Amino acid sequence: MMRSLWIACCLVSCGAAAAASAQSWPAKPVRIIVPYPPGGVADITARIYSPKLSESWAQAALIDNRPGANGAIGAELAAKSIPDGYTLLMATASEATINPTFYPKLGYDTLRDFAPIALASHNPVVLVVNAGAPFRTLAEVVAAAKAKPATLAYATPGSGSLHHLSMELLRMLGGPTLIHVPYKGGGPAAAAVVGGETP
């Protein structure tokens, strides 16, 4: 059950036990670390929750974007924070399950350093194209890419992200070879598609 909670985007607490024992929590602002730059799904989700959490807690819920290394920089910062319940991490599958699989020397251990609090959102991986692109279906993308191998590019929030691995799975299942263009988060990747930098 715990592992299934990590698969989707969830809020996790560093030092949840300490917070649970404090009767006047929160007595000060709560920091929510988003391990990606502004504009991506994790950031937007945190910003949707922040005002309501601030209202409910009568304390500020502050968003702290700490992007880099497929979410590992923000996750490590959260893991090393004081375990008093005043630091939350907006975790995704990347920090929780993918990074530990690919990078054996992370600065955090998902199961040791974090406690799941709530499933904040469920975000399917979708393939979208720029409105001006000549494709309207996945079949059209596949056909165009197979006609001219390694000429079409796709944007992802970063190497090793769920989005990147999904496209690699498509390729392994007989799909086309596409050029992977990793960005530093979902916001920059979406901007690249909308702006026509990648179709």
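Only one of the listed residues (G187, G174, G160) is at negative phi and at pLDDT below 95. That residue is G187.
Restricting attention to segment 86-115, the residues that are small (G, A, S) and surrounded by fewer than 22 Cβ atoms within 10 Å (Cβ to Cβ) add up to 3.
Condition check: outside any helix (DSSP H, G or I) and at pLDDT 95 or above. Does Y154 satisfy that? Considered against the rule, which asks whether it is outside any helix (DSSP H, G or I) and at pLDDT 95 or above, Y154 comes out as yes. Note down all Cβ pairs under 7 Å where the first residue falls in segment 132-148 and is touching a residue at least 60 places away in the same chain (Cβ under 8 Å), the second is assigned to a helix (DSSP H, G or I), and they're at least six residues apart or on different chains. Here the result reads F135/V141; F135/A144, each pair linking segment 132-148 to a residue that is assigned to a helix (DSSP H, G or I).
Yes/no matrix, rows are residues, columns are (1) at pLDDT 95 or above; (2) β-branched (V, I, T); (3) in contact with a strand residue (DSSP E or B) (Cβ under 7 Å, 6 or more places away or on another chain):
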| position | (1), (2), (3) |
| --- | --- |
| A17 | no, no, no |
| I33 | yes, yes, yes |
| E55 | yes, no, no |
| L77 | yes, no, yes |
| S94 | no, no, no |
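Apart from one condition, K52 fits all of (1) in contact (Cβ under 8 Å) with a residue 12 or more places away in the chain; (2) closer than 19 Å to A118 by Cβ; (3) surrounded by fewer than 19 Cβ atoms within 10 Å (Cβ to Cβ); the exception is (1).
Go over the candidates A153, A96 one by one and state the one that is touching a residue at least 60 places away in the same chain (Cβ under 8 Å) and closer than 25 Å to P182 by Cβ.
After ruling out the rest, the residue left standing is A96.
For V125, the conditions (1) crowded, with 16+ Cβ neighbours inside 10 Å; (2) in contact with a helix residue (DSSP H, G or I) (Cβ under 6 Å, 6 or more places away or on another chain); (3) not assigned by TED's automatic domain parsing to the domain that holds A42 are fulfilled apart from (1).
The values are calculated or read from the model by the stated rules, or taken from the named source; none is laboratory data. This is a predicted model, so every value here is computed, not measured. All Cβ positions, glycine included, derive from the backbone under ideal geometry; neighbour counts span all protein chains shown.
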